Amino acid sequence: MTTHREPLQSVLGTIGETPLVRVHDSPDAVPVYAKLESFNPGASIKDRIGKHMLERMLERGDVSPGGTVIEPTAGNTGIGIAVAAGQLDLEAVFVVPERFSVEKQQLMRALGAEVINTPTEDGMGYAIDRAHELADELDNAAVPQQFSNHLNAEAHYETTAPEVDDALDGAVGALVAGCGTGGTLMGMSEYFREREPGTHVVAVEPAGSAYREFLGEEVTHEEYKTEGIGTHDIETNELFDPDLVDDIRSIPDRAVHEEMARLADEEGHLVASSSAANSIAAKAVARAIDDGTIDAPYDAVVTVFPDSSERYLSKGVYRPFEEWEG
Ligand code: PMP
């Protein structure tokens, strides 16, 4: 974290206030800015929701100190929740489909959490059901459930969005962000649309993901390597609101792989696949604003770089495309 200059009492004090940095491969007249979320202590955007959801759940009495939180998660949310749980006197248990990165699972365990793997082919829906079953078996246990908990989007409404607003004096023309739960984009869209209803909002997903089914489109489901965004089952998502977006862009893995390498080589960003997908989409939106195809109230396009590529080195993110395991 870059802006704190006073000593802090807890690592939770370092969450948020991340830097907003220009992406240079974008038109001069319509700059793209990315919020670098690997500056958080658990090194991803999900630290924000870990802290926010657990603090609010404790305040509301959903769980009390000494209790357990159980979350179905692909990884970064687990790390974010584990960081917060450790400091807020809560135990953390995660139900994780096997295909997600081993680095993330090791970090969750290092933070004191228990990790339970479920078969990849059973998908996130099964992990969600398992988390609820486990919570029912314990006293004083709760499932934050990032896919349906409005506190997820609220974390971004209360922190990510106002930080961007401050940094750009409110002059945000478009928001572009990949959707896993959709919490990041929904929270930011709500915030900026309240202030400027014309804010152009674009969701990003990997090609082969099914978010466009929310718009009534027919989608051919395919596997993708890009991690952290996209869905094969829109039923598991209760946060995504199509009224809060203007468009959904699907980005192929091959383009994502190339952009990850370019961002590192040309701009010094060691960011992972969802950041690269966001960068590609944000630059396309910026070019469309520049040539008049998209109408936006201001020129700046804002996106997020949710986490770092270091978390995926074992999956070969910087090796040739065919060797990237995804
Ligand atoms: N990128 C990465 C690396 C993530 O882990 C996530 C969360 N799954 C996202 C992007 C998407 O964020 P959200 O869940 O807020 O849509």
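The values are calculated or read from the model by the stated rules, or taken from the named source; none is laboratory data. Since we're looking at a predicted model, the values are computed, not measured. All Cβ positions, glycine included, derive from the backbone under ideal geometry; neighbour counts span all protein chains shown.
Given the conditions (1) farther than 30 Å from residue 30 by Cβ; (2) under 17 Å from the mean Cα position of the chain (by Cα), which single one is not true for residue 190?
(1) is the only condition that residue 190 fails.
List every residue pair whose Cβ atoms lie under 8 Å apart, where the two residues are 6 or more positions apart in sequence or sit on different chains, the first residue falls within segment 163-185 and is outside the structural domain of residue 247 (by TED's automatic domain parsing), and the second residue, located anywhere, is within 16 Å of the ligand (Cβ to nearest atom) and not in a loop (DSSP other than H, G, I, E, B).
none
State the number of residues belonging to segment 16-61 that are more than 13 Å from residue 303 (Cβ to Cβ), touching a Ser or Thr at 6+ places or on another chain (Cβ under 8 Å) and not basic (Lys, Arg).
Count: 13.
Which is of a type in the set (Lys, Arg), modelled with pLDDT of 95 or more and within 16 Å of the ligand (Cβ to nearest atom), of 249, 262?
So the residue among 249, 262 that is of a type in the set (Lys, Arg), modelled with pLDDT of 95 or more and within 16 Å of the ligand (Cβ to nearest atom) is 249.
Within segment 200-210, identify whether any single residue is closer than 28 Å to residue 165 by Cα, without any contact (Cβ under 8 Å) to a residue 40 or more places away in the chain, charged (D, E, K, R) and not in a loop (DSSP other than H, G, I, E, B), and answer yes or no. Give the derivation first.
Pass one, segment 200-210, residues closer than 28 Å to residue 165 by Cα: 200-206.
Now restrict to residues that are without any contact (Cβ under 8 Å) to a residue 40 or more places away in the chain: none.
Looking through segment 200-210, none of the residues is closer than 28 Å to residue 165 by Cα, without any contact (Cβ under 8 Å) to a residue 40 or more places away in the chain, charged (D, E, K, R) and not in a loop (DSSP other than H, G, I, E, B).
Could you please give the count of residues in segment 77-112 that are outside any helix (DSSP H, G or I) and touching a Phe, Trp or Tyr at 6+ places or on another chain (Cβ under 6 Å)?
1
Could you figure out which of (1) surrounded by fewer than 23 Cβ atoms within 10 Å (Cβ to Cβ); (2) more than 20 Å from the chain's Cα centre (by Cα) isn't true of residue 90?
(1)
Any residue in segment 236-253 that is in a loop (DSSP other than H, G, I, E, B) sitting within a Cβ distance under 9 Å of a residue that is buried (at least 20 other Cβ atoms within 10 Å of the Cβ) and among the aromatic types (Phe, Trp, Tyr)? List the pairs, counting only those 6 or more apart or interchain.
Final answer for the pair search is 237/147; 237/211; 238/147; 239/147; 240/211; 252/224.
Answer yes or no: is there a residue in segment 285-294 that is within 16 Å of the ligand (Cβ to nearest atom) and either among the acidic types (Asp, Glu) or in the same structural domain as residue 229 (by TED's automatic domain parsing) (or both).
no
Going through segment 107-125 one residue at a time, which ones are within 22 Å of the chain's Cα centre (by Cα), at pLDDT 90 or above and over 17 Å from residue 69 (Cβ atoms)?
110, 117, 118
Read through the list (1) modelled with pLDDT of 95 or more; (2) buried (at least 19 other Cβ atoms within 10 Å of the Cβ); (3) not assigned by TED's automatic domain parsing to the domain that holds residue 300, then give the number of the only condition that residue 34 fails.
The number of the failed condition is (3).
So that you can scan it fast, the table gives a plain yes or no per residue for (1) on the phi > 0 side of the Ramachandran plot; (2) part of a strand (DSSP E or B); (3) in contact (Cβ under 8 Å) with a residue 40 or more places away in the chain:
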residue	(1), (2), (3)
260	no, no, yes
279	no, no, yes
284	no, no, no
288	no, no, no
302	no, yes, yes
322	no, no, no
325	no, no, yes
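Is it true that some residue in segment 146-159 is under 30 Å from residue 316 (Cβ atoms), touching a residue at least 12 places away in the same chain (Cβ under 8 Å) and among the charged types (D, E, K, R)?
Checking segment 146-159: not a single residue is under 30 Å from residue 316 (Cβ atoms), touching a residue at least 12 places away in the same chain (Cβ under 8 Å) and among the charged types (D, E, K, R).
Return the only residue of 15, 70, 45, 81 being closer than 16 Å to residue 145 by Cβ, within 17 Å of the chain's Cα centre (by Cα) and modelled with pLDDT of 95 or more.
Result: 81 is the single residue among 15, 70, 45, 81 that is closer than 16 Å to residue 145 by Cβ, within 17 Å of the chain's Cα centre (by Cα) and modelled with pLDDT of 95 or more.
Looking at segment 174-186, can you tell me whether even one residue there is assigned to a loop (DSSP other than H, G, I, E, B), away from the ligand (no atom under 16 Å from the Cβ), over 21 Å from residue 92 (Cβ atoms) and not acidic (Asp, Glu)?
Within segment 174-186, none of the residues are assigned to a loop (DSSP other than H, G, I, E, B), away from the ligand (no atom under 16 Å from the Cβ), over 21 Å from residue 92 (Cβ atoms) and not acidic (Asp, Glu).
Where in segment 1-76 are there strands (runs of 3 or more DSSP E), lying wholly inside it, with at least 3 residues that are more than 16 Å from the ligand (Cβ to nearest atom)?
On the way: elements: 20-23, 32-36, 68-72.
Those strands (runs of 3 or more DSSP E) span 20-23, 68-72.
Residue 255 versus (1) over 23 Å from residue 289 (Cα atoms); (2) more than 13 Å from the ligand (Cβ to nearest atom); (3) aliphatic (A, V, I, L, M): which is the lone unmet condition?
Just one mismatch for residue 255, condition (1).
Residue check: is residue 124 assigned to a helix (DSSP H, G or I), touching a Phe, Trp or Tyr at 6+ places or on another chain (Cβ under 9 Å), farther than 19 Å from residue 238 by Cα and assigned by TED's automatic domain parsing to the domain that holds residue 82?
The answer is no for residue 124.
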